[in-house]
Every structure is written in C-alpha cells, then in structure tokens.
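**Student:** Supplied in structure tokens, the structure appears directly below.
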Amino acid sequence: MDHTAIPASLDQPGTQDSTGHLALTVIVPARNEELVLAHQLDALARQTAEVGWELVVVDNGSSDRTAAIATSYADRIPGLRVIHEPTLGLYHARRAGVIAARADRLAFCDADDVVSDRWVASMADALDEYEVATGPLDLELLNEADLRDMRGHNEDKGLPTFYGLFPYARGNNFGVRRELFDRLGGFDAAYTGGEDIEFGMRAAWSNVEIGFAEGALVNYRYRTTPRQLWRQGFMYGRVRPKMRAALIEHGSAAPSPFAGWRSWLWLLRSLPQATTRAGRSNIAWVAGNRLGQLVGSWRARRVFV
C-alpha cells in the first residue's frame, strides 16, 4: 500500500463551473472495453451537473479500440482526458487516474457499467457532506432476466457491509475526498478484488462516516460467461480471509471462520441447475468464491470458508 500523498496533475485544462472551481474528477479505468465503453461514456455525456467536473479515462494496456473510442468523446464531454497506464491491474489503473486528477474530490466508476444522469451531481453533493460516499446499484437494465433470476434483481439500497461489521463504498460507485484518500494511503494492491472493502475497513478504524447518495445510481453489468464469473468470484473470495485476519490483528470483531457454510450447502443443492446457462453461470460464481476463500485461507493461515 502506498502511504505517500498522490500529487494532482496541473498541466491539463479542466471544466470549471461559473465560479472557476473544479469540484470533481471522475476516473474510469478501462481495459479492452470497446464493446461496452460507449454506453458508459454516453451516460457521462448526459450528466446534468452544475458543478465543474472532469473525466479521466485510464486505458490500462488495451489491445482493442478502447482508447480511440474514449478519445472520440472529447467534443461531447468537456474536460475529458485519456491517459495510458501500461501496468495491468485495476489498482494501477485507478492510481494512475488519481495521479492525473486535478480536483480535490474523486469519483470512480467502471467502464462496463452505466451511471444515472444525475450521478455526478449526486456524488458531488454527497462529498460536500461526507468524506466517502457511494450509491445504489441497479441490476435490471443491463442484465438478462435468467441471469438476474439466478444472481439477484436489485441490490439493497443502503450501504453495503462486510458481514455486517463495517460499511464500505462500492468500488464501481465510489466517491472520496482526496485528502482522506491520501491520508489513509489510497487503495491497497494486496487486496485486489476487495480493495474497496479494505478501504472501508480502514475508514471505519479512523471513525470515518460513509455517506449514501440515493441519486448516485449505477446500472451494474454482470459478467456473462461461466469463465468470467469464476475468475471474478475467485478473486473476490481470495481476499476475504486476509481481511478477516486484519480485523483480528487489529482487535476488531471478525466474522465466524465458517460464515460461508450456507454457500457451500447452496452449491451442493444447485448442481442439478448446471443443465441451464444461467445455472452454470451462478454455480461458476459461487464455486469461484468458495475456492477463492479456501486459497485465501491457506495464504492467510486462518480458516475462513
């Protein structure tokens, strides 16, 4: 984890409001997202925010037309910059975006999702009141019915939590004041797949309140193939034992080492569903999570399955 302050770049013009103030930098990491990136950029082009804001798209080593598509929106999104980060990984892409940001407030969203028309305005308003903020996810717009039926239709509209122990801001719908981001050391590369949750853990230890912005809605896109879901589930599951170990070492309350037993039971009961596409996808997601937690438990030397 990089605990050094990340300096703002001042060599590019931004889009300022009537008072000359740049209130928010939106950071969108993107790697090989040519099929979906335009949907997110269209949404950002529709923003109705009255505050000054800029957009930084981080091309993270793409081999397709991601960078070209992003650049083509320069005349539709004032303050758009496309930068390149060759070191692969979401941590590196986000960090490059933070380095390039000119505003003292940062907002992160993903290239394959779609933000609501008031997302920028709602996030800016939330960061007036809170040092960290997030908003709801909607699962209806971008996902087919059979996948929604298996994975879930809509997220809880309140703050997400880690096993009910502390709240966190979702990484694909994440706003933060730069001073706090620097003070807490930014995201931690050791928690790839759960860096948003780990940041929430450190925010809780620092008694930072996380705000929930109802208007900062993000339409979330599920992964669609069993392979993609397996890899994502494995990545998410692998970091949970490390977080549990960190909680124990800090002297904080931690989840039971067998908190995931219902998921194992569900997996066994759901094997007959492997005959359908949606069933295979959901099984791949849960199985990836479970295996990831087994691997993470071995690495953390603490059982958390």
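**Student:** In debye, nearest 20: dipole of the chain around its Cα centre with unit charges on the Cβ of K, R (+) and D, E (-)? Before the final figure, lay out each step's value.
**Tutor:** Working: 34 positive and 37 negative charges, 350 e Å.
Dipole of the chain, to the nearest 20 debye: 1680 debye.
**Student:** Sticking with this one: For the chain, set up a Gaussian network in which alpha carbons nearer than 10 Å are linked by springs, and say which option among VAL28, VAL295, VAL57 fluctuates the most.
**Tutor:** Of VAL28, VAL295, VAL57, the most mobile in the Gaussian network model is VAL295.
**Student:** Compute the signed sum of charges (Lys and Arg +1, Asp and Glu -1) over the other residues within less than 11 Å, Cβ to Cβ, of PRO29.
**Tutor:** Values: positive: ARG31, ARG94, ARG95; negative: GLU33, ASP59, GLU85, ASP110, ASP112.
That works out to -2.
**Student:** Moving to a separate point now. Find the relative contact order for the chain and round it to a whole percent, using C-alpha pairs within less than 8 Å whose residues are 6+ positions apart. The partial results should precede the final answer.
**Tutor:** Numbers: 641 pairs, mean separation 55.9, N = 305.
Computed over the chain, the figure is 18 percent.
**Student:** How much net charge surrounds LEU271 when only the other residues with a Cβ under 14 Å from the Cβ of LEU271 are counted, with Lys and Arg +1 and Asp and Glu -1? All intermediate terms of the calculation are to be shown ahead of the outcome.
**Tutor:** Values: positive: ARG269, ARG280, ARG290; negative: none.
Neighbourhood net charge equals +3.
**Student:** Right, something else. Given a 1.4 angstrom probe, I'd like the percentage of the accessible area of region 204-302 that is carbon and sulfur, rounded to a whole number. Could the numbers behind the result be given before it?
**Tutor:** Details: 3050 of 5410 Å².
The value for region 204-302 is 56 percent carbon and sulfur by accessible area.
**Student:** For region 245-299 and region 27-93, what is the centre-to-centre distance using only Cα atoms, to the nearest Å?
**Tutor:** Rounded to whole Å, the Cα centres lie 33 Å apart.
**Student:** Using a simple charge model, +1 on the beta-carbon of Lys and Arg, -1 on the beta-carbon of Asp and Glu, nothing else, what dipole does region 79-230 show about its Cα centre, in debye to the nearest 20? The partial results should precede the final answer.
**Tutor:** Values: 17 positive and 25 negative charges, 97 e Å.
In debye, rounded to 20, region 79-230 gives about 460.
**Student:** Roughly what percent of Cα-Cα pairs across region 48-110 reach past 14 Å?
**Tutor:** Values: 1126 of 1953 pairs.
Everything past 14 Å amounts to 58 percent.
**Student:** Per residue of region 31-36, what does 6.51 cos²θ - 1.76 cosθ + 1.60 with θ = phi - 60° give for ³J(HN,Hα)? Whole Hz please, x for Gly and Pro, Karplus curve as stated.
**Tutor:** Coupling constants for region 31-36: 9, 6, 10, 4, 6, 10 Hz.
**Student:** Restricting attention to the alpha-carbon atoms of the chain, what are Rg (one decimal) and Dmax (integer), both in Å?
**Tutor:** 19.2, 61
**Student:** Could you tell me which residue out of CYS109, VAL295, VAL28 lies farthest along the dipole of the chain toward its positive end? Charges go on the beta carbon: Lys and Arg +1, Asp and Glu -1, centred on the Cα centre.
**Tutor:** Result: VAL295.
**Student:** Could you pull out which residues in region 31-50 have an amide N less than 15 Å from a spot 7 Å beyond the Cα of MET235, following the Cα-Cβ vector?
**Tutor:** It comes to 31-33, nothing else.
**Student:** Return the calculated 222 nm mean residue ellipticity for the chain, to the nearest 500 deg cm²/dmol, obtained by summing -39500 (n - 2.57) across DSSP H runs with n ≥ 4 and dividing by the residue count.
**Tutor:** Details: 10 runs with 120 residues, N = 305.
About -12000 deg cm²/dmol.
**Student:** Let me ask something else about it. Using 0.36 nm times the number of residues separating ARG280 and GLU249, minus their current alpha carbon distance, what extension gain do you get? Present the calculation step by step, with values, prior to reporting the outcome.
**Tutor:** Numbers: separation 31, 0.36 × 31 = 11.16 nm, distance 3.77 nm.
Gain on extension, ARG280 to GLU249, equals 7.4 nm.
The values are calculated or read from the model by the stated rules, or taken from the named source; none is laboratory data. Computed from a predicted model, the values in this text were never measured in an experiment. Note that each Cβ is placed from the backbone with ideal geometry, even for glycine, and that neighbours are counted across all protein chains shown. Areas reflect the complete protein model, heavy atoms only, side chains present, ligands, DNA and RNA absent. Shrake-Rupley method; radii C 1.70, N 1.55, O 1.52, S 1.80 Å.
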